[in-house]
Amino acid sequence: MSLPFYQRSHQHYDLSYRNKDLRTTVSHYQREKKHSAIYTQGSTAYSSRSSAAHRQESEAFRQASASSFQQQASQYALSSEVSRKAASAYDYGSSHGLTDSSLLLDDYSSKLSPKPKRAKHSLLSGEEKENLPSDYMVPIFSGRQKHVSGITDTEEERIKEAAAYIAQRNLLASEEGITTSKQSTASKQTTASKQSMASKQSTASKQSTASRQSTASRQSVVSKQATSALQQEVTSEKKSRKVVIREKAEHLSLRKTLEETETYHAKLNEDHLLHAPEFIIKPRSHTVWEKENVKLHCSIAGWPEPRVTWYKNQVPINVHANPGKYIIESRYGMHTLEINACDFEDTAQYRASAMNVKGELSAYASVVVKRYKGEFDETRFHAGASTMPLSFGVTPYGYASRFEIHFDDKFDVSFGREGETMSLGCRVVITPEIKHFQPEIQWYRNGVPLSPSKWVQTLWSGERATLTFSHLNKEDEGLYTIRVRMGEYYEQYSAYVFVRDADAEIEGAPAAPLDVKCLEANKDYIIISWKQPAVDGGSPILGYFIDKCEVGTDSWSQCNDTPVKFARFPVTGLIEGRSYIFRVRAVNKTGIGFPSRVSEPVAALDPAEKARLKSRPSAPWTGQIIVTEEEPSEGIVPGPPTDLSVTEATRSYVVLSWKPPGQRGHEGIMYFVEKCEAGTENWQRVNTELPVKSPRFALFDLAEGKSYCFRVRCSNSAGVGEPSEATEVTVVGDKLDIPKAPGKIIPSRNTDTSVVVSWEESKDAKELVGYYIEASVAGSGKWEPCNNNPVKGSRFTCHGLVTGQSYIFRVRAVNAAGLSEYSQDSEAIEVKAAIAPPSPPCDITCLESFRDSMVLGWKQPDKIGGAEITGYYVNYREVIDGVPGKWREANVKAVSEEAYKISNLKENMVYQFQVAAMNMAGLGAPSAVSECFKCEEWTIAVPGPPHSLKCSEVRKDSLVLQWKPPVHSGRTPVTGYFVDLKEAKAKEDQWRGLNEAAIKNVYLKVRGLKEGVSYVFRVRAINQAGVGKPSDLAGPVVAETRPGTKEVVVNVDDDGVISLNFECDKMTPKSEFSWTKDYVSTEDSPRLEVESKGNKTKMTFKDLGMDDLGIYSCDVTDTDGIASSYLIDEEELKRLLALSHEHKFPTVPVKSELAVEILEKGQVRFWMQAEKLSGNAKVNYIFNEKEIFEGPKYKMHIDRNTGIIEMFMEKLQDEDEGTYTFQLQDGKATNHSTVVLVGDVFKKLQKEAEFQRQEWIRKQGPHFVEYLSWEVTGECNVLLKCKVANIKKETHIVWYKDEREISVDEKHDFKDGICTLLITEFSKKDAGIYEVILKDDRGKDKSRLKLVDEAFKELMTEVCKKIALSATDLKIQSTAEGIRLYSFVTYYVEDLKVNWSHNGSAIRYSDRVKTGVTGEQIWLQINEPTPNDKGKYVMELFDGKTGHQKTVDLSGQAYDEAYAEFQRLKQAAIAEKNRARVLGGLPDVVTIQEGKALNLTCNVWGDPPPEVSWLKNEKALASDDHCNLKFEAGKTAYFTINGVSTADSGKYGLVVKNKYGSETSDFTVSVFIPEEEARMAALESLKGGKKAK
């Protein structure tokens, strides 16, 4: 079957696979369809032999091995021949419509081929291998070499090709192995047993014959029919008892060995058995028709048993999401993916991923689903090859010599909006129409073929082609083309699609970025790029956020915390082996815009791994395993990486790339990246926690503007290798500059709704993405984008404009660094169709008249219709007695000049004329009817009027007027011309002549014009008879210099050649340059040579001399009068010749004259720089008029690339005072430069050199890079700091104040080279001279800082400023005395002046209003506030230079609340002050002897005087004779007990009380008896004596 012609050039995924011979074993494919008779019979015959028959024949085979070996070569050839015949018979049967069952072979005895010397591995089980003959392999099936061979010439070849293709497809699509049923095996064994018994009963003479037949039977298998029983002729040889016993013993020995081996492996450690997944059989690629089923299968080994996951285009397959579509099975290590009813969407790359604890491995296979676009019976299609119609592959070749393809109902320029749907379509008409064959339809966007996706779908209904957008994005904007192909013929149609931005959710937010792509994918990062949107929402875009999402999930995460401006960004933190999609959002000050369309999925893999996966063949496994052994190379430390370079550097990140080392062993390596600041050797490891696996790395968090160097180390288990060579110094910043604004925006008409805008591309733009064009209605100030997808080139058609409206345009360029500035606005242009027929000519005049002819002249039409006028047509008619006749054509062929001679007229007849102009758009309207002219012989003596006046080189104050001589010169020749002009609006009497004397030239440069004024011109000719009639008017012409006007430029090159150069940016394809001298063509001049290329032209003088004086003009045809001229007079001639001489005998141009500078080590450098030097340039060095040469004292160097010439001296001595000169010679050019070093100049230079030498010596040890300085911290402390370099662990740092060492608690760690000393709460006591000393065994350095006098005042001012800035807002606090206003500062110093003001006036402090500082609180106390204290209070903290104010408003509710709280606190204080209280006098405990008198006195206080009462044991106690209680004068209370007894013991209390409060004072009275005390003491002593015994 031949493929349809529309798939002839289609590239399938498995094309390379189908182009190879398909040779594989039957056991790999497992099963063939039953109707394939040949293959089934061969397989059955192959597997039918039983193990018993094989054992019976083994001895006979050993005896006949010598003879059988000699027969193998011939049998192998016979087998190949039979196979070839079988294939030919199969092809023949298919081509003649035979069924599969009829394709039988009479002789298949040599089907099996001998086994080669090195047999390939197979997937047969042990039992099957045992049943196999030892010298045979399974048959090989050979398909055709190439199945898609295009269109064949004959029907027979097409049918043969179809049969071969179907046979191969059936073979490759087989699902099950070729197995032998148990019944078949049993029948074969029965047959073999019967044959064996018959052979035993045969005579001895037949045994030799049976032996030969047995040998032959092992070499061939005969199969007659698939349905008949297998018949084999098997003979066996009688074995002796000794042979049988020996074979049985060998069998038992082998079984014992196997059991011991199994027992040994069972005892092994399970960890030793673990191994990563390994594909024994990989899935193979398939090409199937639609609605067929396809099955992918693979076999995987590994321990633990790997878990297998199937992917489609890197997306996991979910069988539950599409029930019945996919079937995934895993049985005995065989894993299968079955795809049911394939459709075109199933064309994809499929991946089987096997994973266990030891790792992951993937295998890939492609499935291509072919779609037949004709009409056919699907039931026949799926029935098999035998029912396929023979006309299935017929093509239209031979039926039509050429196809005519037309488009009807075409789609036009379309406009859509993001998120909408859109369809483009047209009807396709093809003639002649051929049934069953459909054209090939292909859609393109901007010239790139489109493939169906989730964004775009294509449909062909048989007569209408449709392209549908399911969700419009700005990426869909572009020029869409439909191409219809029939065989070798095609036609196409194109129209533009514009996609506008969706309405923003947040007004003013930017539009969505577009075209998000993954530029580079790696294990560790993926670089994402995008295009900036055209609409920024009205404010500049601050940057972009990048989001990522793992494929198969819906979780988006933001990749960057701060917006990035550069339109490329490396995304890190990815998981190796997983696939991601990305999107980008723009942000401005208003908010974040919509996200972009998501990118295509990309996997985070090593590029080398990707290349390895892509390079894997798609052909099926052939069973051959190649094992290579290499010498182990463990323990090798990897070498340094090579070719380290910075591939990309921006202000946000730097990307490094390198090559792996050559010496690395066979284990994997990882990389460590190190950085250091330029000029230092302080290398820091960047990736300390996570080693890099791939030879690329992105670095973040680099300081913008700083310079860095980078290097890389390799590491493996053996250790870390040496570093690579460091990169060149890299400055962190955007190396890619924003492009410059485009220039020269020129709009031109196109249609009544579109304008073509062209511009000059941005100069020196790198990585240009394209241009955005904006349009604005003239005068509105509102700009709208014309395109939302950047366009490349310098020309774009803006559609969707309003007819008759005037627009202006501007353009900006865009690259990854950002958008350029806008270009200058273009001139306003009215939107209307560009090309139209020209307007009528005008001013028809009679230039000359004869007896039977007349010469007419006219003016070119005012409007030429947008295209060049190609000619004129003249009509005339007779006028008799004032009655005009019929119009007649004067010319059949168009005339190109604005003059024409009409012949064959009647003498003395009056005629009228009219003229019509023509361009490519057609013939314009005829002019107005001319005046009546009489055809008669002119006898006028004076000349006729000049004609064809033309104005060129129009500038703001001049122009050039040209004309042609009159046709009628009069009686005598014309001797000159007079030129007149007037303003266009002036009256006829205001003509003025420009030349008093007649000029002989037919041109005149008119000067002295007023800018912006419109003029008209006329010319009169003169001869000896007088001045003739004036010509027709030229103009009106406005005196102005148009934007972009260029002039002729003279140039003298390096060889002294003089040329005139002109450039035109407004040329059309038909434009040409025309050079003239004195407005006469120079085309044949031998003194000039003209060269034009593109929009530039050059006229070169071969030998400029006096003969070349004149005006040289260059006109550009087919333009709106673009021209320029250059005058070469005698003065200019002298200048040009002098300049030419200078170029012929040049001097070496010098950029910088000889100069002297002192280098770091005190070296002296003499240097100068020339503009450029060739490789032959020489320099002589002169000192005091004597040449000096390179030696120990002088070192010379010349850099011819930069033109820098240098001489170095180690030091300046007194004898080096003098004059130094560098003499240059470069070819024939020479130059010199001198510097004088004498007197004070020399001494100053010598002193500076010595200073630099000492500085260099100082820097060899620890030294200060930045000397001691101070800084006031945010906590208002003073920090003394300095920056040091060249330090080591042994370096000590000592601080001093006023020559006394300062004890520092913390040890300096010299982090970042910064040393600090913190002084807290800095005040006057801290003034002094501070000094810090660095020292070690290499030397010492010191730095001193004076903080006294003015320096101390300056520091204190800064401290006070910080303290003032730390002040909190004023707060209001009520107290018992009044209202307090206060603020807290970090700490207070006396130098900080505090001033308070009330309602703008300074507060006068008194006993009632006070201010002060308590700790860190600054307060203002207002005692006994009154309403007059209401108002605004200001606290001003003056730091010595500036005042810092804090305000509070003490009025209204704030005052009322504070005053109320003051009153409350005041009353509380009064109550506390006057309440009753016990002042003292009562003890806590009173111990008294029984019988004694107890007298206690207590002072109390209260206002009013308090009431006094007494308590005993919480009960009221009344005064009596025994206990006397008295209270006198309201201040003193007396407590007296006369003769106390034990009953008086207890707790007593004094209670004082008045209206403000009460208080209780308690005391305890303890009464004891002396005798009782003595008795108790004796008892205690007695107890103590007993214990002692």
Query raised in the report: Residues in segment 955-965: is at least one surrounded by fewer than 19 Cβ atoms within 10 Å (Cβ to Cβ), among the charged types (D, E, K, R) and touching a Phe, Trp or Tyr at 6+ places or on another chain (Cβ under 7 Å)?
Result: no
**Report entry** Filter pass, T1068 being surrounded by fewer than 16 Cβ atoms within 10 Å (Cβ to Cβ) and either at pLDDT below 85 or touching a helix residue (DSSP H, G or I) at 6+ places or on another chain (Cβ under 7 Å) (or both)
**Finding:** yes
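The rows are residues; the columns are (1) among the small types (G, A, S); (2) within 24 Å of T1117 (Cα to Cα); (3) within 47 Å of the chain's Cα centre (by Cα); (4) part of a strand (DSSP E or B).
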position	(1), (2), (3), (4)
V1037	no, yes, no, yes
R1042	no, yes, yes, no
E1047	no, yes, yes, no
D1054	no, no, yes, no
T1068	no, yes, yes, no
W1075	no, yes, no, yes
Report task. Among residues belonging to segment 639-671 that are among the β-branched types (V, I, T) and in contact with a Ser or Thr (Cβ under 6 Å, 6 or more places away or on another chain), point out the one that is most open to solvent (accessible area, probe 1.4 Å). Result -> T647
**Report entry** Single match in L1370, L1365, L1355 (criterion: open to solvent by 30 Å² or more (accessible area, probe 1.4 Å), farther than 29 Å from Q1254 by Cβ, modelled with pLDDT of 85 or more and not aromatic (F, W, Y))
**Finding:** L1365
**Report entry** The lone exception for R713 - which of (1) surrounded by fewer than 18 Cβ atoms within 10 Å (Cβ to Cβ); (2) over 24 Å from the mean Cα position of the chain (by Cα) it fails
**Finding:** (1)
Query raised in the report: Failed condition for K1211, given (1) of a type in the set (K, R); (2) part of a helix (DSSP H, G or I); (3) surrounded by fewer than 15 Cβ atoms within 10 Å (Cβ to Cβ), with all others met?
Result: (2)
Query raised in the report: Do you know which of the residues in segment 818-837 that are open to solvent by less than 40 Å² (accessible area, probe 1.4 Å), at pLDDT 85 or above and part of a loop (DSSP other than H, G, I, E, B) is farthest from F566 (Cα to Cα)?
Result: V831
Query raised in the report: Looking at G1028, G1008, G1044, which one is open to solvent by less than 60 Å² (accessible area, probe 1.4 Å) and on the phi > 0 side of the Ramachandran plot?
Result: G1044
Report task. Grab the strands (runs of 3 or more DSSP E) fully contained in segment 1106-1161, keeping just those with 3 or more residues being β-branched (V, I, T), open to solvent by less than 50 Å² (accessible area, probe 1.4 Å) and touching a Pro at 6+ places or on another chain (Cβ under 6 Å). Result -> none
Report task. Sort through D1129, D1120 and tell me the only one that's under 30 Å from K863 (Cβ atoms) and out of contact with any strand residue (DSSP E or B) (no Cβ under 6 Å at 6 or more places or on another chain). Result -> D1120
**Report entry** Scan of segment 1096-1105 for residues that are open to solvent by 20 Å² or more (accessible area, probe 1.4 Å) and part of a strand (DSSP E or B), ordered by number
**Finding:** K1096, K1098, T1100
Query raised in the report: For L1173, are the conditions met, namely being within 30 Å of D1053 (Cβ to Cβ), assigned to a strand (DSSP E or B) and either of a type in the set (A, V, I, L, M) or touching a Pro at 6+ places or on another chain (Cβ under 9 Å) (or both)?
Result: no
Query raised in the report: Counting only residues that are in contact with a strand residue (DSSP E or B) (Cβ under 8 Å, 6 or more places away or on another chain) and assigned to a loop (DSSP other than H, G, I, E, B), which one in segment 320-343 is nearest to E600 (Cα to Cα)?
Result: D343
Query - Among (1) over 16 Å from Y1548 (Cβ atoms); (2) modelled with pLDDT of 85 or more; (3) not acidic (D, E) - the single one A1471 does not satisfy - result: (2)
Requested in this report: Among the residues of segment 1439-1464, count how many are outside any loop (DSSP other than H, G, I, E, B) and either surrounded by 15 or more Cβ atoms within 10 Å (Cβ to Cβ) or acidic (D, E) (or both).
Outcome: 12
Requested in this report: Test E1187 against the stated conditions and say whether it is in contact with a helix residue (DSSP H, G or I) (Cβ under 6 Å, 6 or more places away or on another chain), of a type in the set (D, E, K, R) and free of Cβ contacts under 8 Å to residues at least 40 places away in the same chain.
Outcome: no
**Report entry** Count of residues meeting criterion [modelled with pLDDT of 80 or more, open to solvent by 50 Å² or more (accessible area, probe 1.4 Å) and acidic (D, E)] in segment 672-706
**Finding:** 3
Query raised in the report: What is the number of the single condition among (1) open to solvent by less than 20 Å² (accessible area, probe 1.4 Å); (2) in contact (Cβ under 8 Å) with a residue 60 or more places away in the chain; (3) under 30 Å from G662 (Cα atoms) that P739 does not meet?
Result: (3)
**Report entry** Set E848, E774: member being assigned to a strand (DSSP E or B) and under 30 Å from C935 (Cα atoms)
**Finding:** E848
**Report entry** Hits in segment 925-963 (condition: acidic (D, E) and under 18 Å from R1007 (Cβ atoms))
**Finding:** E953, D957
Requested in this report: Go through segment 326-340 residue by residue and tally those that are modelled with pLDDT of 90 or more and either within 19 Å of V369 (Cα to Cα) or open to solvent by less than 30 Å² (accessible area, probe 1.4 Å) (or both).
Outcome: 8
Query raised in the report: In segment 1330-1343, is there at least one residue being without any contact (Cβ under 8 Å) to a residue 12 or more places away in the chain, surrounded by fewer than 18 Cβ atoms within 10 Å (Cβ to Cβ) and not basic (K, R)?
Result: no
Report summary line: Of all strands (runs of 3 or more DSSP E) fully inside segment 538-582, the set with 2 or more residues that are modelled with pLDDT under 90 and open to solvent by less than 60 Å² (accessible area, probe 1.4 Å) is 568-572
Report summary line: Scanning segment 1348-1384 residue by residue, those within 25 Å of K1430 (Cα to Cα), part of a loop (DSSP other than H, G, I, E, B) and in contact with a strand residue (DSSP E or B) (Cβ under 7 Å, 6 or more places away or on another chain) turn out to be A1367, T1368, D1369, L1370, E1377
Query raised in the report: Mind checking which residues of segment 285-319 are assigned to a loop (DSSP other than H, G, I, E, B), open to solvent by 20 Å² or more (accessible area, probe 1.4 Å) and more than 14 Å from M334 (Cβ to Cβ)?
Result: E290, K291, E292, N293, P304, N313, Q314, I317, N318, V319
Requested in this report: Taking W1256 as meeting all but one of (1) touching a residue at least 60 places away in the same chain (Cβ under 8 Å); (2) assigned to a helix (DSSP H, G or I); (3) crowded, with 16+ Cβ neighbours inside 10 Å, write down the number of the exception.
Outcome: (3)
Query raised in the report: Mind checking which residues of segment 778-809 are in a strand (DSSP E or B) and surrounded by 21 or more Cβ atoms within 10 Å (Cβ to Cβ)?
Result: F796, C798, Y807, F809
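The values are calculated or read from the model by the stated rules, or taken from the named source; none is laboratory data. Remember, predicted model here, so these are calculated numbers, not experimental data. Every residue, glycine among them, receives a Cβ derived from its backbone with ideal geometry; neighbour counts consider all protein chains shown. Remember, those area values only see protein heavy atoms, side chains included, never the ligands or the DNA or RNA. Shrake-Rupley method; radii C 1.70, N 1.55, O 1.52, S 1.80 Å.
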